[in-house]
Each structure stands twice: as structure tokens, then as C-alpha cells.
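Derivation of every value follows stated rules applied to the coordinates shown; laboratory data play no part. Predicted, not measured: the structure shown is a model, and the values here were computed from it. In this analysis, Cβ positions are derived from the backbone assuming ideal geometry, glycine residues included, and neighbour counts consider all displayed protein chains.
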Amino acid sequence: MDRNNAEILKNLVLLLDEVIEHKWWARVWTLQECVLPPHGLLIIGPFSLPWNTIERLRNKRVVNARGPNATDLIRYITDFSMREASDPRDKVFGLLGLITDWEGGERVRPDYVLPLGKVFTEITGALIESTGFLDILPFDSQQVGDIATPSWVPDF
């Protein structure tokens with residue numbers, strides 16, 4: 001590789017690092033935006049890059065969005081709990097679209113009329129009912145404030 005190509009490659013890698021570290025990726029809703037389309041394309045100004053190229057560069061898959069079930073939602077809530085959301089309910093609602101199989105339980109639908117405590121209580125109950133497991137209960141979460149929930153409901 002000649003010196004000019006090496007410099008171009010170095011600059012490209014620095015640019016991709018900057019793109020990948022951009023604050024946009026910290027939002028919870030970006031998961032659905034990136035994962036659900038069958039052929040994602042990142043467009044920045046006049047440049048575009050297929051999503052699978054970014055995954056290869058990062059050497060990991062963020063989420064397997066093909067056929068995830070309610071058990072996966074527990075893992076997603078845990079893995080992505082530090083993502084930002086302007087409304088705390090989006091810590092759950094922003095992940096619901098990734099779930100295609102509720103394992104016999106009733107699908108949870110976003111309802112922004114419900115108070116935060118009710119949302120967290122309903123999603124916890126739905127996950128326990130759908131999976132038949134209590135895996136969601138030891139969830140190590142950050143407190144989102146003083147919300148009215150039963151003591152067994154995590155603050156996502």
C-alpha cells in the first residue's frame with residue numbers, strides 16, 4: 001500500500017470511529033432504526049455505508065432482530081439500560097418492536113397515557129407471564145426517580 005492510500009485508510013478509520021462514537025448511537029430508539037430494516041444504510045452527507053459493513057468493522061452484532069422472543073427482551077433491557085431516552089418509558093417501549101415472539105403471552109404495546117410505574121409493572125408482569133421465569137426480577141437498574149410500583153418491579 002502506498003503512502004497516499006495508507007493516509008486515506010487512516011482517515012477513513014478515524015472518520016468511522018467518530019461516526020460510531022456519535023451521541024446518536026446512545027439513544028434507545030436507534031436500535032430499532034438500525035436493526036429492523038432488512039438492508040440498513042448509514043448516510044452521512046454525500047457518503048453512504050451499508051449497515052453490515054459497520055457491523056463487520058465493529059466485529060459484533062448489536063441485536064439479532066430476526067425472531068427474538070420475550071426472553072430476549074429481558075437481555076435487551078439489561079444490555080441497553082444505559083441508553084438515553086427523553087421519556088423513561090422509552091427504555092421499554094423503544095425495544096418492544098424488536099420482539100416478534102411473546103412465547104404465548106400477550107404482546108405488550110406502547111401506551112404513553114399510562115404512568116411510568118404502571119408501564120414498568122405491566123412489562124415486568126408480561127415478561128414473567130410470557131417466559132415463565134423470574135429472570136427480570138434481579139435486574140440491576142438505576143433509579144429513575146420516585147415512581148409508584150410494587151417492590152418487585154425494577155426501575156428500568
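Hull surface divided by four, with the convex hull built on the Cα atoms of the range 3-58: how many nm²?
Working: hull surface 17.5 nm².
Projected over every direction and averaged, the Cα hull of the range 3-58 covers 4.4 nm².
Could you calculate the contour length gain from residue 13 to residue 133, that is, 0.36 nm times the residue separation minus the distance between their Cα atoms, to one decimal place in nm? Numbers along the way, then the final one.
On the way: separation 120, 0.36 × 120 = 43.20 nm, distance 4.34 nm.
Full extension of this stretch gives 38.9 nm more.
Please report, in whole Å, how far the alpha carbons of the range 66-155 spread along each principal axis, starting with the longest.
33, 25, 24
Which FRET efficiency, nearest 0.05, do residue 39 and residue 148 yield, Cβ-Cβ r, R0 30 Å? Don't skip to the answer; put the middle values down first.
On the way: r = 43 Å, r/R0 = 1.45.
Given R0 = 30 Å and the Cβ-Cβ separation, E is 0.10.
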